Amino acid sequence: MSEPDGPQPPYAYDLIAMGRLGVDLYPLRAGVPLAEVDAFGKFLGGSAANVAVAAARLGRRTALISRTGADPFGAYLHTELRGFGVDDRWVTPVPAYPTPLTFCEIFPPDDFPLYFYRRPKAPDLEIRPEELDLAAIRAARILWVTGTGLCEEPSRSATLAALAARERRGHTVFDLDWRPLFWGGEGGASGAGGRTGAAAVGVARPHYAAALRHATVAVGNLDECEVATGEREPEAAARALLAAGAELAVVKRGPDGVLALHRDGTRAEVPPVPVEVLNGLGAGDAFGGALCHGLLAGRPLPDVLRYANAAGALVASRLACSSAMPRPEEVEALLAGRVEAVRSDGYGMVGRPRPEAVRSEAHGREARGSEAYGSGTHGSEETRPAAREDERP
């Protein structure tokens, strides 16, 4: 089902991630509205970047394809990527646009509104097909791309070109990564779609279908699966992702854990890892990096998911995203039930293990509101009523 570790060409990366990169400015106090926050922590952020950091923390050789502004925040991100052990050779400046900033509010256990400053356009949407190192992309053991990379040109064409260059070799992962604001929508899928949610889904779905034709692995929460396939029931959504082209479908179900189906008939369903959530943003990215780590190691699918859940849970129990990504010994300690696994990430704020499953799912890069727990998700897309204004420069 997966290729185990073994000798690899010296130039091949374990993981190349492609997509969003920016600066996260997070409050240093939980439960305080942004209007009242007086101290922030500055962190590397963006889903693709966080996945690369997460895999690097687990000992994998990783690289990122992205872009920043030609500004001090861009210089900061290069320093951070190198410090985390992520190759930044394909992270290039775009003088016309500033490096994106993202603010959040922290209301544990499941409310983490995000405020994106990505106007007039985010540099990571200026990745161009002609600038891709297709030989390196083909040689990587895993390529990880995201739904956000499909929302505008030239990033859309570049993402599809990278996927096509893989010719379905190795593990080619499509992180469904639904951010309706980036597609002109206000809410999520289905009835939560808001005034323009359905229109945004309609625009996005054909591009998601094009990406799925090239992907061997699809990863997403229930909203994201519905955007991609029209199916929301987990089993039906997983089967629809397989029918669309994936060989492995990973469906993140918040407090109900994770379901994965493989085309060869393998099925795995694991519960979330219980922790006290501090900040669910980043839990899904930790899940993604650990998922890649497990697939590369050739572990049985249930073990891969349990390990990824634990990695996501650790990040959900901490303040930061990138700097909170766990090391192998921390994941193993949490799986063994040792309390010292859940510890501060250096900012004096930390959650604790819980005896029961408290919404702790940690799958997919930056938690998503109600799915920010111990198995991994994304960040809250319900960006408060003022979020449309907050997108403006």
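The values are calculated or read from the model by the stated rules, or taken from the named source; none is laboratory data. Predicted model only: the values in this text are computed from it and were never measured. All Cβ positions, even for glycine, are placed from backbone atoms using ideal geometry, and neighbour counts span all protein chains on display.
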Can you name the residue in the stretch 38-55 that is touching a residue at least 60 places away in the same chain (Cβ under 8 Å) and among the aliphatic types (A, V, I, L, M) and, of all such residues, is surrounded by the most Cβ atoms within 10 Å (Cβ to Cβ)?
ALA52
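Pick out, from the stretch 91-147, the strands (runs of 3 or more DSSP E) lying fully within it that include 3 or more residues that are at pLDDT below 95 and under 30 Å from LEU314 (Cα atoms). Don't jump to the end; show me each part of the working.
Values: elements: 101-104, 114-117, 142-146.
It comes to 114-117.
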How do the pairs read when you match residues in the stretch 235-251 that are without any contact (Cβ under 8 Å) to a residue 24 or more places away in the chain with residues anywhere that are small (Gly, Ala, Ser), using Cβ under 7 Å and keeping only pairs 6 or more apart or on different chains?
ALA238/ALA249; LEU242/ALA249
The residue from ALA139, ALA164, ALA158, ALA135 that alone is in contact with a His (Cβ under 9 Å, 6 or more places away or on another chain) and either more than 17 Å from VAL23 (Cα to Cα) or not aliphatic (A, V, I, L, M) (or both) is ALA164
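Count, please, the residues in the stretch 32-75 that happen to be part of a helix (DSSP H, G or I) and among the hydrophobic types (A, V, I, L, M, F, W, C). Walk me through how you get there before you give the answer.
Taking the stretch 32-75 and keeping what is part of a helix (DSSP H, G or I), we get 34-36, 47-57, 72-75.
Now drop any that are not among the hydrophobic types (A, V, I, L, M, F, W, C), which leaves 34-35, 48-49, 51-56, 73, 75.
The number of residues fulfilling the criteria is 12.
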Consider LEU181 against the criteria (1) of a type in the set (A, V, I, L, M, F, W, C); (2) modelled with pLDDT of 90 or more; (3) over 29 Å from GLY294 (Cβ atoms): it satisfies all of them except one. Which criterion is unmet?
(2)
Which of the residues that make up the stretch 164-176 are buried (at least 24 other Cβ atoms within 10 Å of the Cβ) and hydrophobic (A, V, I, L, M, F, W, C)?
VAL173, PHE174, LEU176
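Residues that are more than 16 Å from VAL217 (Cβ to Cβ), over 20 Å from the mean Cα position of the chain (by Cα), surrounded by fewer than 19 Cβ atoms within 10 Å (Cβ to Cβ) and not β-branched (Val, Ile, Thr): does the stretch 243-253 have at least one?
Just the residues of the stretch 243-253 that are more than 16 Å from VAL217 (Cβ to Cβ), to begin with: 253.
Narrowing further to those that are over 20 Å from the mean Cα position of the chain (by Cα): none.
Within the stretch 243-253 (the criterion being more than 16 Å from VAL217 (Cβ to Cβ), over 20 Å from the mean Cα position of the chain (by Cα), surrounded by fewer than 19 Cβ atoms within 10 Å (Cβ to Cβ) and not β-branched (Val, Ile, Thr)), the answer is no, since none of the residues qualifies.
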Six or more apart or on different chains, Cβ atoms under 6 Å: show the pairs whose first residue is in the stretch 14-25 and β-branched (Val, Ile, Thr) and whose second is assigned to a loop (DSSP other than H, G, I, E, B) and at pLDDT 95 or above.
ILE16/ALA140
Considering each residue of the stretch 222-245, count those that are closer than 18 Å to GLU269 by Cα and aliphatic (A, V, I, L, M), and give that number.
7
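Results for (1) in contact (Cβ under 8 Å) with a residue 60 or more places away in the chain; (2) more than 18 Å from the chain's Cα centre (by Cα); (3) surrounded by 21 or more Cβ atoms within 10 Å (Cβ to Cβ), shown as yes or no for each residue.
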{"residue": "VAL86", "(1), (2), (3)": "no, no, yes"}
{"residue": "THR92", "(1), (2), (3)": "no, yes, no"}
{"residue": "LYS121", "(1), (2), (3)": "no, yes, no"}
{"residue": "LEU132", "(1), (2), (3)": "yes, yes, no"}
{"residue": "VAL145", "(1), (2), (3)": "yes, no, yes"}
Can you spot a residue in the stretch 193-203 that is surrounded by fewer than 17 Cβ atoms within 10 Å (Cβ to Cβ) and within 23 Å of ALA162 (Cα to Cα)?
yes
Where residues in the stretch 255-277 are surrounded by fewer than 24 Cβ atoms within 10 Å (Cβ to Cβ) and either within 28 Å of SER323 (Cβ to Cβ) or under 13 Å from the mean Cα position of the chain (by Cα) (or both), which of them is modelled with the lowest pLDDT?
PRO255
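For (1) in a helix (DSSP H, G or I); (2) in contact with a helix residue (DSSP H, G or I) (Cβ under 6 Å, 6 or more places away or on another chain), each residue gets a yes or a no:
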position	(1), (2)
LEU261	no, yes
GLU269	no, no
CYS292	yes, yes
ALA308	yes, yes
GLU330	yes, yes
ALA333	yes, yes
Consider GLY220 carefully, then state whether it is surrounded by 17 or more Cβ atoms within 10 Å (Cβ to Cβ), of a type outside the set (Val, Ile, Thr) and outside any loop (DSSP other than H, G, I, E, B).
yes
When the stretch 60-84 is checked residue by residue, the ones that are surrounded by fewer than 24 Cβ atoms within 10 Å (Cβ to Cβ) and under 22 Å from ALA316 (Cβ atoms) are ARG60, GLU80, PHE84
Within the stretch 94-106, restricting to residues that are surrounded by fewer than 21 Cβ atoms within 10 Å (Cβ to Cβ) and of a type in the set (A, V, I, L, M), the one that is farthest from TYR13 (Cα to Cα) is ALA96
Right, ARG239: of a type outside the set (Asp, Glu), more than 28 Å from ALA310 (Cβ to Cβ) and part of a helix (DSSP H, G or I) or not?
no
